[in-house]
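Each reported figure results from applying straightforward, stated rules to the coordinates on display, with no laboratory input. What you see is a predicted model; the values in this text were computed from it and never measured. Here the Cβ positions follow ideal geometry from the backbone for every residue, glycine too, while neighbour counts run over all protein chains shown.
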Amino acid sequence: MNRRAIVGRGRLLPMSGASTGATGAIDGPWVLVLERDRVLEVRAGELQPGDPETVEDVGTALVTPGLVDSHTHLIFAGDRSDEAAARTRGERYTGGGILRTVAATVAASDEELVRETRLRLLSAAGRGTTTIEVKSGYGLEPMQEHRLLRLIADAAAGLPMRVRRTHLGAHAIPAESDPETQHELILETLPEMADAADYIDVFCEPNIFDLGWTRAIAEAGAINGLPLKLHADQLERSGAALLGAEMGALSVDHLEQVTEEDARVLAASSTVATILPGPALMLGAGLPPARALLDAGATVAVASDANAGTFGEPSMPLAIGLSVALGFTIDEAVWAATAGGAGALGLDGEIGRIMPGAYADLVAWDTEHEGAFALRLGGVRPLWTWFGGETDD
Ligand code: NIG
Ligand code: FE
């Protein structure tokens, strides 16, 4: 029923291996059989009798799973380019600017937020992202956080990409509040937030939400059915990555300050280590130990972290290219942007790989080899994208 095939003569990277970097590259000819929105079969060789009669041919284009951006903050208003300029003159990033975005976001109308967020989602999809996570976190006050979670869904309505929502009420302390009050509010309102979110996240930093607050919010999230993702060890080594591993977090993200010993603990856990190369390279506040994580055997994801203050581009081809600058091989980088991201969202087996049973989320690129992501930093473009087996053209 509703079967069709895609054929190619170039490279197909199914991401069939379990370890970071195991792309399982197939050199063409190859055949992919789809049934409805899923992959039924992937194999090397030519079409055979019995294969579907409807066939799309991608020629020699490189084909990968649709890219998975497992960490973004795409819903916001305002412009903080002035802070980026100040950082080029040596100013340190402390997270304080988040409150400027909160003020602009709270002042913006629903229509403006939906329009701007939708444009950012479309920009990501145009660069090969088929699944994206979007966090709240620029509302802070519970009604505003809930509004942002609702508006993320409104912005995504009718778009073919998969959009997952994360409640990040623990992103900053409002100027008129204090950590204890903000913490209590988050705990009190979690049941209502849980209906509008898929995950919970905390910006865990000693002066923002410390380990104790983070653990309590994570526990309350678990009780309300929200798996944990953490902003961990970005500005200071707080021990958040280790807390996440201990608590069975889906992912711990940023990791600029983790040690090689932390990397070994993460590698021995089920938690995905998510590297955000854009802000890591642009903030100048330390680089994550990418090679230590990869060499220890951690499951690693890369994501854009597109947000209002530290890195603005929701481009996964750019994130892949920049992760090479952090020491990833190209195989590790592309795997981390697909299968790794799927793991970071708890969706391994559903997305991020071209395998029987997975959604047929695929990209045929304007190149014949994955090395182009390193060669043409951010410039590699989809020729065709399939979202659950449907092309968007
Ligand atoms: O992931 N680190 C915390 N949150 C965002 C930045 C938020 C902002 O500065 O607006 C991040 O980099
Ligand atoms: Fe972030």
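Considering every residue within the stretch 80-95, establish whether at least one is aromatic (F, W, Y) and in contact with a Phe, Trp or Tyr (Cβ under 6 Å, 6 or more places away or on another chain).
No: the stretch 80-95 contains no residue that is aromatic (F, W, Y) and in contact with a Phe, Trp or Tyr (Cβ under 6 Å, 6 or more places away or on another chain).
For the stretch 86-102, what are the residues that are charged (D, E, K, R) and either within 8 Å of ligand 1 (Cβ to nearest atom) or farther than 13 Å from P174 by Cβ (or both)?
Listed by number, the residues that qualify are R87, R89, E91, R92.
Please verify whether the stretch 169-177 includes one or more residues that are farther than 14 Å from A249 by Cα, surrounded by fewer than 17 Cβ atoms within 10 Å (Cβ to Cβ), of a type in the set (S, T, N, Q) and away from ligand 1 (no atom under 14 Å from the Cβ).
yes
Quick one: in the stretch 213-236, which of the residues that are within 10 Å of ligand 1 (Cβ to nearest atom) and in a loop (DSSP other than H, G, I, E, B) is farthest from L250 (Cα to Cα)?
The qualifying residue farthest from L250 (Cα to Cα) is L235.
Of all residues in the stretch 71-92 being outside any loop (DSSP other than H, G, I, E, B) and among the charged types (D, E, K, R), which is farthest from E116 (Cα to Cα)?
R87
Among the residues of the stretch 192-212, which ones are more than 21 Å from R147 (Cβ to Cβ) and either touching a residue at least 24 places away in the same chain (Cβ under 8 Å) or not in a helix (DSSP H, G or I) (or both)?
C204, E205, P206, N207, I208, F209, D210, L211
Would you tally the residues in the stretch 93-104 being within 15 Å of ligand 2 (Cβ to nearest atom) and under 12 Å from F76 (Cβ atoms)?
Total meeting the criteria: 4.
I'd like the full set of residues that are away from ligand 1 (no atom under 16 Å from the Cβ) and either touching a Gly at 6+ places or on another chain (Cβ under 9 Å) or farther than 26 Å from I132 by Cβ (or both), limited to the stretch 273-308.
Selection gives P289, A290, R291, A292, L294, D295, A296, G297, T299, V300.
Quick one: which helices (runs of 4 or more DSSP H) sit completely within the stretch 286-355 and have at least 2 residues that are over 21 Å from R165 (Cβ atoms) and free of Cβ contacts under 8 Å to residues at least 40 places away in the same chain?
Passing ranges, in order: 290-296.
Looking only at the stretch 1-23, which residues are part of a loop (DSSP other than H, G, I, E, B) and in contact with a Leu (Cβ under 7 Å, 6 or more places away or on another chain)?
G10, T20, T23
Suppose we keep only residues that are closer than 18 Å to F311 by Cβ and either part of a helix (DSSP H, G or I) or among the polar types (S, T, N, Q) (or both) within the stretch 265-277. Which one would you say is farthest from ligand 2 (Cβ to nearest atom)?
If we take residues in the stretch 265-277 being closer than 18 Å to F311 by Cβ and either part of a helix (DSSP H, G or I) or among the polar types (S, T, N, Q) (or both), then P277 is farthest from ligand 2 (Cβ to nearest atom).
I'm checking my understanding of the structure. Among residues of the stretch 106-129 that are closer than 27 Å to V302 by Cα and hydroxyl-bearing (S, T, Y), which one is nearest to ligand 1 (Cβ to nearest atom)?
T117
For D110, are the conditions met, namely being out of contact with any Lys or Arg (no Cβ under 9 Å at 6 or more places or on another chain) and either free of Cβ contacts under 8 Å to residues at least 60 places away in the same chain or not hydroxyl-bearing (S, T, Y) (or both)?
Judged against the criteria, D110 is not a match.
One line per residue, one yes/no per condition, for (1) within 16 Å of ligand 2 (Cβ to nearest atom); (2) buried (at least 24 other Cβ atoms within 10 Å of the Cβ); (3) closer than 30 Å to R43 by Cβ:
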site: P279; (1), (2), (3): yes, no, no
site: G284; (1), (2), (3): no, no, no
site: P289; (1), (2), (3): no, no, no
site: A301; (1), (2), (3): yes, yes, yes
site: L322; (1), (2), (3): yes, yes, no
site: T329; (1), (2), (3): no, no, yes
site: G341; (1), (2), (3): yes, yes, yes
site: A344; (1), (2), (3): yes, yes, yes
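Give all pairs with beta carbons closer than 7 Å in which a residue from the stretch 168-183 that is without any contact (Cβ under 8 Å) to a residue 12 or more places away in the chain meets a residue that is surrounded by 17 or more Cβ atoms within 10 Å (Cβ to Cβ); count only pairs at least 6 apart in sequence or on separate chains.
Close Cβ pairs (under 7 Å, with a partner that is surrounded by 17 or more Cβ atoms within 10 Å (Cβ to Cβ)) do not exist here.
Anything in the stretch 52-61 that is part of a loop (DSSP other than H, G, I, E, B), among the β-branched types (V, I, T) and loosely packed, with under 15 Cβ neighbours inside 10 Å? List them, or say none.
If the condition is that a residue be part of a loop (DSSP other than H, G, I, E, B), among the β-branched types (V, I, T) and loosely packed, with under 15 Cβ neighbours inside 10 Å, then T54, T60 are the ones that fit.
Residues in the stretch 95-119 that are surrounded by fewer than 17 Cβ atoms within 10 Å (Cβ to Cβ), under 21 Å from the mean Cα position of the chain (by Cα) and under 18 Å from L235 (Cβ atoms): how many?
0
Being surrounded by fewer than 23 Cβ atoms within 10 Å (Cβ to Cβ), over 18 Å from the mean Cα position of the chain (by Cα), of a type in the set (D, E) and within 16 Å of ligand 2 (Cβ to nearest atom): is that true of E236 here?
When the stated conditions are applied, E236 passes them.
Limited to the stretch 118-148, what total is found for residues that are within 16 Å of ligand 2 (Cβ to nearest atom) and assigned to a helix (DSSP H, G or I)?
4
Within the stretch 62-94, how many residues turn out to be surrounded by fewer than 19 Cβ atoms within 10 Å (Cβ to Cβ), at negative phi and among the small types (G, A, S)?
Looking only at that region, the number is 4.
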